[in-house]
Amino acid sequence: MESAVANKYVIFKLENEFYGVGIDHVETIEKMMDITRVPKAEAYVKGVINLRGDIVPVVDLRERFNLSAADSFADKRIIINRIDEMMIGFIVDSASEVKDIANEDIDIIIVADNFNEGFVRGIAKDTDRVIIILDVHKIIGV
């Protein structure tokens, strides 16, 4: 039997697209806060935050996916994920909901061998939108 969280995804936006990450990785969703730069880090690694005593690296998913910079910062959020024993934050334009998506509603697609460097795990069909399901391990390169 699958766990109760296996089909739950946190849905967020980058530009006009909807993305989802498995809720089993998500610890919390935070408003934007001060980020301390880390010298010589990749451009998409914005730095680290102090989250209730834990130092958490923060990745800007717009930059990681080679998207243009956001016009507005009002709704930006940091989705805090626990991946294996590491915590990492993803900066997104907005985080809107937690949604149940059945496995049969997720298509595995392969556009090209290097499609988004393997960030995409599948495409979910929702009533009036498409949700790109991400592989969090590939985003951080593990």
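Once every DSSP H run of n ≥ 4 in the chain is given -39500 (n - 2.57) and the sum is divided by its residues, what mean residue ellipticity at 222 nm do you get, rounded to the nearest 500 deg cm²/dmol? Don't skip to the answer; put the middle values down first.
Details: 2 runs with 8 residues, N = 142.
Result for the chain: -1000 deg cm²/dmol, rounded to the nearest 500.
Taking every alpha-carbon pair under 8 Å whose residues sit at least 6 apart, the chain reaches a relative contact order of 26 percent.
Can you give me the accessible area per residue for the chain, using a 1.4 Å probe, in Å²? Walk me through the intermediate numbers first.
Details: 8260 Å² over 142 residues.
Ligands and nucleic acids excluded, the figure is 58 Å² per residue.
Which parts of the stretch 81-106 would a label at ASN7 reach, counting a residue when its backbone N lies under 20 Å from a point 7 Å out along Cα-to-Cβ? Answer for this model: 97-106.
Note: the stretch 20-68, Cα convex hull, 109 Å³ per residue. In the stretch 4-88, the C-alpha radius of gyration followed by the widest Cα-Cα span (Dmax) gives 13.2, 41 angstrom. Taking the accessible area of the chain, probe 1.4 Å, and keeping the other protein chains in place, the carbon and sulfur fraction comes to 49%. Would you check the chain for Lys pairs whose C-alpha atoms are within less than 17 Å, ignoring same-chain pairs closer than 8 in sequence, and give me the count? Within the chain, the lysine pair count is 10.
Of all the C-alpha pairs in the chain, what % are more than 18 Å from each other?
Details: 5593 of 10011 pairs.
The proportion of pairs with Cα distances above 18 Å equals 56 percent.
The values are calculated or read from the model by the stated rules, or taken from the named source; none is laboratory data. The structure presented is a predicted model; accordingly, all values stated were derived computationally and were not measured. Virtual Cβ from ideal backbone geometry, glycine too; neighbours counted across all protein chains shown. Surface accessibility is based on the protein's heavy atoms, side chains included, excluding ligands, DNA and RNA. Shrake-Rupley method; radii C 1.70, N 1.55, O 1.52, S 1.80 Å.
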